[in-house]
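Worksheet for the structure shown next.
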Amino acid sequence: FIFDHPLTNETYTKKFRLHIVTVPLSTDDDWRTSERLLLQAGEEESAPFIEEARMYLKKLEGKLWLDAPSVEPRVTIQLTEPGRINLLLRVPCPTQYPSRLEQAILRKFLSEFSFAPRMFAQETHVTH
């Protein structure tokens, strides 16, 4: 034997999984509007398969004796450093298409949200 301990397959959800989409914001951005639009995009993009994902994870719950997480899209907030807010959208996703779903959500979000204007430090060149 190669292993001296049991292995655990952590990808027990073969058909659906929960995916996290992170949207970084400045504290100058309207995070409440951003949160609402991100959640709305997640709900709209997951609508075609959310019921199937709910039933699938519920079925796994009984089979594997686990508590199935809610598949309802939700947004959590992280304050990672001063001046920065991360919005994390958790959304159910077909296991084979996380990047496709993420791109659809981000494109929908970006088409609706306006970031606050950014002030950039201007470089000054001094010549002697």
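Every number in this text was worked out from the coordinates using simple rules, so none of it is lab data. Since the structure is predicted, the reported quantities are computational estimates derived from the model, not experimental observations. Cβ sites come from the backbone with ideal geometry, for glycine too, and all protein chains shown count toward neighbours.
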Whichever aspartates and glutamates have a C-alpha closer than 18 Å to that of Lys15, once near sequence neighbours (fewer than 8 apart) are set aside: Glu45, Glu51, Glu52, Glu61, Asp67, Glu72, Glu102
Other-chain or far-sequence residues with amide H under 5 Å of Phe16's (modelled H): Thr95
Unit charges at the beta carbon, dipole of the stretch 18-118: most positive-side option, Pro98, Gln78, Ser26: Pro98
Net charge of neighbours whose Cβ lies under 13 Å from the Cβ of Gly83, counting Lys and Arg as +1 and Asp and Glu as -1: -1
